Amino acid sequence: MLTVLSIIFPVFAVMGLAYVVVLKGLFDQAEIRTLGKYVLNIAFPAMLFNTVATRDLSDVFNLPYLAAYALIGLITGAIALVVLSAQGEGRARQAVGWIGVNSPNSAFIGFPLLSFISPEIAGTVLAMNFLVENFLLVPIGLVLLESAKGSQTSPLRLLGRTVLAVMKRPMVIALWLGLFAVLAGLHPPQALQRLLDFVGASASAVALFCVGGALVGLPLRGNRGLAGQITVGKLIVHPLIAIAVLSIPVLALAPALQVAMILSAALPMLSLYTVLVQGTGEEGVASLAMLWANIGSVVTVTALLWWLQTAA
């Protein structure tokens, strides 16, 4: 248990520190957003390019991992839609539920956590999670949100617009450049690799700081029942589905990748959750769910990591 706590403590301690310093006014939300831009647009792209360009293609595009991760997200999201529909919730709330339960914070929390547990695969796991989340799970959620708003644009066109917008993000561009380097047999010079390693190494601590700071000042008025359901779906149902799917023989993965996938599923929802649901009238629900999930994950992720280590 002490080993588990030594892994978990730095992750949540940095988030807690950020929350306190923002709450006390030493940093403001504008500065947190600036740090977030640095992580998303510089640190993570540097790390991802270096990860992809210096590894075998099969390490980065592990098809069983990608298939399993996609299936886990789709099943979890479908359960949320069925449950919320059966309760009579409208399409907007169903869409908010979809994004909340199956889109973990792989970049800002998952990568730092895996850097402590399995640093040799942390970058490749982030790359694969990023692909599934940003090209499948989140786009479907955004299409559901737009449909709920009464958009007259066809779902396929909405999906195409979303994917095109994703393609322009620096992290995605870094992935494609890294892939091109692998396919072309181009190996980054050692000096460039060291530079990218140096910049990428700053991502973990700054990312966690951004998550903790962003929790200050969230609007906390909304349907507490729905927020609680989304929180349970994210922290408990999603990892349980991951454990079930990974028991399917054809989706068997190496032990380290199985642990990484289950922990990824157990993470709180992505940091942009409240931004993505703007305009639905459910921003308060999303904020409550995100706050509760980040707090609750201290217990659930710790317990899950302990179980995974004792079961190994």
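With of a type outside the set (G, A, S) and within 30 Å of I8 (Cβ to Cβ) as the only criterion, which of V182, V211 stands out? Result: V211 is the single residue among V182, V211 that is of a type outside the set (G, A, S) and within 30 Å of I8 (Cβ to Cβ).
Across the stretch 99-111, a minimum of one residue is classified as under 21 Å from Q309 (Cβ atoms), among the hydrophobic types (A, V, I, L, M, F, W, C) and touching a Leu at 6+ places or on another chain (Cβ under 7 Å).
Put simply, of V11, V60 the only residue that is in contact with a Pro (Cβ under 8 Å, 6 or more places away or on another chain), within 25 Å of H238 (Cα to Cα) and surrounded by 18 or more Cβ atoms within 10 Å (Cβ to Cβ) is V11. Quick check, is W98 crowded, with 22+ Cβ neighbours inside 10 Å, closer than 30 Å to M47 by Cβ and of a type in the set (F, W, Y)? The answer is yes for W98. Can you give me the number of residues within the stretch 235-257 that are modelled with pLDDT under 95 and not hydrophobic (A, V, I, L, M, F, W, C)? So the answer is 3. The helices (runs of 4 or more DSSP H) falling completely within the stretch 23-72 that include 1 or more residues that are in contact with a Cys (Cβ under 7 Å, 6 or more places away or on another chain) map to 29-38.
Checked against (1) at pLDDT 90 or above; (2) surrounded by 21 or more Cβ atoms within 10 Å (Cβ to Cβ), T300 passes all but condition (2). Taken over the stretch 258-297, residues that are in a loop (DSSP other than H, G, I, E, B) and modelled with pLDDT of 90 or more amount to 4. For S6, the criteria (1) modelled with pLDDT of 95 or more; (2) over 18 Å from the mean Cα position of the chain (by Cα) hold in every case but one, which is (1). In the condition set (1) touching a helix residue (DSSP H, G or I) at 6+ places or on another chain (Cβ under 6 Å); (2) under 20 Å from P104 (Cβ atoms), V138 is compliant with all but (1). In a residue-by-residue description of the stretch 156-166, the property of being part of a helix (DSSP H, G or I), modelled with pLDDT of 90 or more and surrounded by fewer than 24 Cβ atoms within 10 Å (Cβ to Cβ) applies to no position. Residues of the stretch 243-260 that are surrounded by 15 or more Cβ atoms within 10 Å (Cβ to Cβ) and free of Cβ contacts under 8 Å to residues at least 40 places away in the same chain: I243, Q258. Pairs only if they're at least six apart or on different chains, beta carbon under 7 angstrom, first in the stretch 280-294 and farther than 14 Å from G217 by Cβ, second at pLDDT 95 or above and basic (K, R); list them, first residue then second. If the second residue must be at pLDDT 95 or above and basic (K, R), the pairs left are A293/K234.
The values are calculated or read from the model by the stated rules, or taken from the named source; none is laboratory data. Remember, it's a predicted structure, so these values are computed and weren't measured experimentally. Please note: Cβ atoms are built from the backbone with ideal geometry, for glycine as well, and neighbour counts cover all protein chains shown.
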